[in-house]
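All remarks here apply to the structure that follows.
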Amino acid sequence: EAGVAQSPRYKIIEKRQSVAFWCNPISGHATLYWYQQILGQGPKLLIQFQNNGVVDDSQLPKDRFSAERLKGVDSTLKIQPAKLEDSAVYLCASSLAGQGLAYEQYFGPGTRLTVT
Amino acid sequence: QQQVKQSPQSLIVQKGGISIINCAYENTAFDYFPWYQQFPGKGPALLIAIRPDVSEKKEGRFTISFNKSAKQFSLHIMDSQPGDSATYFCAASKPGYQKVTFGIGTKLQVIP
């Protein structure tokens, strides 16, 4: 079974530039998550999708971050414009279902973003 | 607001020893407590998880101990090996849409 795929793996941009990350979840997984992991900290949920719909984006800085999940499969996370404090690893995860019993989340390898 | 507090932030254990990582939570609505293991350059991977209706769960060398009244849980790694060197995160989630709140992480180093 293929895992969660993310690209690019690394990205270096200057502040005020824009950047986009792509995620392809495990086939059949209805729920998709984007996390931000700052060095030395645990992952922080940015947004959670259940199929096409957003179920939690309470910690997404909506003035600069946006995310979409088209056709309930792939997802993109965009930052525009980037700030220095956005330097982090952006992790995508997926799980089988969204409600009721908790299902294991499978994480991709992440995209390491450096904003200079 | 740190809903899941994890300690220590770093831990050095000799090979063959026991590694112990502790976590405490505030929200009694949490009903699922997973532990994740993360190697450098990789995403976290689920190691073991527990629900509050049991006090202990063991899988191989890894054991979760859960104290519901104290709102604390811990991970014990028996016979620690150099290959266990990684960052470990405790986490908690509520019923419903499984939003997982992670602790700050513990960087474990097992030395020969």
Is region B:38-58 home to any residue that is under 18 Å from residue A:92 (Cα atoms) and touching a residue at least 60 places away in the same chain (Cβ under 8 Å)?
yes
I need the strands (runs of 3 or more DSSP E) fully contained in region A:1-113, keeping only those with at least 1 residues that are more than 23 Å from residue B:34 (Cβ to Cβ) and not hydroxyl-bearing (Ser, Thr, Tyr).
A:10-13, A:19-24, A:53-56, A:65-69, A:75-79
Could you identify the single residue in A:27, A:94, A:18 that is in contact (Cβ under 8 Å) with a residue 24 or more places away in the chain and either open to solvent by less than 40 Å² (accessible area, probe 1.4 Å) or touching a His at 6+ places or on another chain (Cβ under 7 Å) (or both)?
A:94
Can you pull out every residue in region A:25-53 that is facing another protein chain (nearest Cβ under 10 Å) and at positive phi?
A:40
Mind telling me which of the residues A:83, A:62 ends up being away from chain B (no Cβ under 11 Å) and in contact (Cβ under 8 Å) with a residue 12 or more places away in the chain?
A:83
Residue that is nearest to residue B:67 (Cα to Cα), among those in region B:1-16 that are outside any strand (DSSP E or B) and within 14 Å of another protein chain (Cβ to nearest Cβ)
B:3
What are the residue pairs meeting all of these: first residue in region B:1-26, first residue open to solvent by 20 Å² or more (accessible area, probe 1.4 Å), second residue among the aromatic types (Phe, Trp, Tyr) and at pLDDT 95 or above, Cβ atoms under 9 Å, and 6 or more apart or on different chains?
B:3/B:25; B:5/B:25; B:11/B:88; B:22/B:73; B:24/B:73
How many of the residues making up region B:80-108 are within 10 Å of chain A (Cβ to nearest Cβ), of a type in the set (A, V, I, L, M, F, W, C) and surrounded by fewer than 22 Cβ atoms within 10 Å (Cβ to Cβ)?
1
Selection status of residue B:21, within 13 Å of chain A (Cβ to nearest Cβ) and more than 21 Å from residue A:36 (Cβ to Cβ)
yes
Among the candidates B:111, B:77, B:50, residue that is open to solvent by 30 Å² or more (accessible area, probe 1.4 Å) and farther than 17 Å from residue A:107 by Cβ
B:111
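The values are calculated or read from the model by the stated rules, or taken from the named source; none is laboratory data. Keep in mind that this is a model prediction, so the values were computed, not measured. Note that each Cβ is placed from the backbone with ideal geometry, even for glycine, and that neighbours are counted across all protein chains shown. Calculation scope for accessible area: heavy atoms of the full protein, side chains included, ligands and nucleic acids excluded. Shrake-Rupley method; radii C 1.70, N 1.55, O 1.52, S 1.80 Å.
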